[in-house]
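The values are calculated or read from the model by the stated rules, or taken from the named source; none is laboratory data. What you are looking at is a predicted structure, and each value in this text was computed from that prediction instead of being measured. All Cβ positions, even for glycine, are placed from backbone atoms using ideal geometry, and neighbour counts span all protein chains on display. Areas reflect the complete protein model, heavy atoms only, side chains present, ligands, DNA and RNA absent. Shrake-Rupley method; radii C 1.70, N 1.55, O 1.52, S 1.80 Å.
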Amino acid sequence: AQSVTQLGSHVSVSEGALVLLRCNYSSSVPPYLFWYVQYPNQGLQLLLKYTSAATLVKGINGFEAEFKKSETSFHLTKPSAHMSDAAEYFCAAGEAAGNKLTFGGGTRVLVKP
Amino acid sequence: GAGVSQSPRYKVAKRGQDVALRCDPISGHVSLFWYQQALGQGPEFLTYFQNEAQLDKSGLPSDRFFAERPEGSVSTLKIQRTQQEDSAVYLCASSRLRASNTEAFFGQGTRLTVV
């Protein structure tokens, strides 16, 4: 079964600093990969998705992620953190033959002024 | 509608009570999913519908959980004889197509607290 691991349940960054959130997946077959953001008392909003078209994926709000098959990773980055980036971020994987998403445990981002 | 709508937003149930959670997906979306999100964890898959057909219910934790989507639109997740371990946020999501690479749009969730 697919599993998704997010290293670090909490990340604290200063405003203007690099944001790096780590995600690793377990499948030997590259799955579809997604990053979602969840603000307090809100549903999940899609930031970006990888579907094999390009290994570097750009998303909304200045986020991007790079798919690395050799490392089974899909880390999320943003060059310069903004206060509005404070939220919880979830990495998820979807199998080509299936329809459900498998989520990581989430990483809560705190942005310090 | 503009987005996925879930009701109620909050539900407090006494242990042993039955509850019903409603999901209104985006109009025309073929796929509908239910996820359970325990406090401090990522969402976990419960069940999947393609139109009115429930194609995957492998994530339902027990036979106390039942979901339906009789007309291929609105869906209801029912939990019978609620237990404290059922306390969680229940998220509904819908997507336009059947493919797993299609973006799923999530509702705000229903926070269920069993006391």
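Toward the positive end of the charge dipole of the protein assembly as shown, with +1 on the Cβ of Lys and Arg and -1 on the Cβ of Asp and Glu, the farthest Cα among A:TYR32, B:LEU91, A:GLN6 is that of B:LEU91. Grab the beta carbon distance between A:MET83 and B:SER5, set R0 = 25 Å, and tell me the FRET efficiency rounded to 0.05. Between A:MET83 and B:SER5 the formula returns 0.30. In a reduced charge model with +1 at each Lys and Arg Cβ and -1 at each Asp and Glu Cβ, chain B shows a dipole moment near 320 debye about its Cα centre. Taking amide H positions as modeled 1.01 Å from N, with prolines and chain starts lacking one, the residues under 5 Å from A:ALA17 and 5 or more places away or on another chain are A:ALA81.
The stretch B:1-95: which GluC sites (Glu not before Pro) are DSSP loop and have at most 14 other beta-carbon atoms within 10 angstrom? The partial results should precede the final answer.
Details: sites: B:GLU44, B:GLU52, B:GLU68, B:GLU71, B:GLU85; in loops: B:GLU52, B:GLU71.
Loop-located and lightly packed - B:GLU52, B:GLU71.
Computed over the protein assembly as shown, the quotient of the alpha carbon radius of gyration and 2.2 N^0.38 Å is 1.01. Spatially, the stretch B:56-108 and the stretch A:69-113 are offset by 22 Å when compared through their Cα centroids. In this structure the amide hydrogen of A:LEU33, modeled in the peptide plane, comes within under 5 Å of the amide hydrogens of A:TYR50, A:GLY94, none closer than 5 places in sequence on its chain. Taken one residue at a time, the phi angles of the stretch B:4-18 give Karplus couplings (6.51, -1.76, 1.60, θ = phi - 60°) of 7, 10, 10, 8, x, 6, 9, 9, 10, 10, 7, 3, x, 7, 8 Hz. Gly and Pro are set to x. Accessible area drop of at least 50 Å² (1.4 Å probe, protein heavy atoms): which residues of the stretch B:72-115 qualify, relative to the chain alone? At a threshold of 50 Å² (probe 1.4 Å), the residues of the stretch B:72-115 that become less exposed are B:SER100, B:ASN101, B:GLU103, B:PHE106, B:GLN108. The label-point distance for B:GLN83 and B:SER27, in a model that sets each label 7 Å from Cα toward Cβ, rounds to 4.2 nm. Give me the Kirkwood hydrodynamic radius of chain B, using the inverse of the mean 1/r over all pairs of distinct Cα atoms, in Å to one decimal. Computed over Cα pairs of chain B, the Kirkwood hydrodynamic radius comes out at 13.9 Å.
Quick one: if the Förster radius is 35 Å, what FRET efficiency do B:ALA53 and B:GLU103 give, using the C-beta to C-beta distance and rounding to 0.05? All intermediate terms of the calculation are to be shown ahead of the outcome.
Details: r = 21 Å, r/R0 = 0.61.
My answer for the efficiency is 0.95.
Restricted to Cα atoms, the stretch A:48-113 shows a radius of gyration and a Dmax of 13.1, 44 angstrom. A cut-off under 11 angstrom between Cβ atoms defines the neighbours of A:PRO40, and their net charge, with Lys, Arg +1 and Asp, Glu -1, is 0. Our estimate of slack between A:ILE60 and A:SER14, defined as 0.36 nm per intervening residue step minus the Cα-Cα distance, is 14.5 nm.
Peptides A:33-45, A:79-91, B:8-20, A:56-68 ranked from most to least packed by the mean count of surrounding Cβ atoms within 10 Å: A:33-45, A:79-91, A:56-68, B:8-20. Here is the interface size for A with B: some 1700 Å² of accessible area buried, both sides summed, with a 1.4 Å probe.
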